[in-house]
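Here's the structure we're looking at; comments come further down.
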Amino acid sequence: MIKKYILLYLMVFTIPLFLGLLVWQSNRYQNLSKDLVRLEQTQKEWIESNKKLVAGIAEYSSAQRIDFLAKNQLNLRKIQPEYYLQVRVMGGKGHEY
């Protein structure tokens, strides 16, 4: 007779316990889903910001812009080929001439 009641008590206590765990897990899942959405949005913002920065770097490092700045703001000009001086080093460290 006591065995019947033990099984009944076990079922009475475990069913609410499982239901409580189910509610807790569902709540945890919803919180994680909200965090995931927030992180995905942050990631999209970072990607867009990165694209803008890369485009800015490409714009500022373009050969045409550098050539324009060299000519117009720094008053630089290209050297004529007759003014080039080339130095050729024969051998190197540990080599004999």
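How do the peptides 72-85, 17-30 rank, highest first, by the average count of neighbouring beta carbon atoms within 10 Å per residue?
Details: 72-85: 7.4, 17-30: 10.0.
So the order, starting with the most tightly packed, is 17-30, 72-85.
Against the main long axis of the alpha-carbon atoms of the chain, helix 63-72 sits at an angle near 50°. Entry note, the chain: the mean residue ellipticity at 222 nm calculated from DSSP H runs of n ≥ 4, each adding -39500 (n - 2.57), is -26000 deg cm²/dmol after division by the residues and rounding to the nearest 500.
A 1.4 Å probe, protein heavy atoms only, puts the accessible area of L32 near 100 Å². In degrees from 0 to 90, rounded to the nearest 10, what is the angle of the helix 2-60 Cα long axis to the longest principal axis of the chain? Approximately 10 degrees, to the nearest 10.
A 1.4 Å probe over all protein chains sorts V87, V37 by accessible area into V87, V37, starting with the largest. Mean projection of the alpha-carbon convex hull of the chain over all orientations, in nm²? Averaging across all directions leaves 19.2 nm² for the Cα convex hull. Residues in the chain average 106 Å² of solvent-accessible surface per residue, probe 1.4 Å, ligands and nucleic acids excluded.
The values are calculated or read from the model by the stated rules, or taken from the named source; none is laboratory data. Source: prediction; values computed, not measured. Heads up, the Cβs are rebuilt from the backbone with ideal geometry, glycines too, and the neighbour counts pull from every protein chain shown. Only protein heavy atoms, including side chains, enter the accessible area calculation; ligands, DNA and RNA are left aside. Shrake-Rupley method; radii C 1.70, N 1.55, O 1.52, S 1.80 Å.
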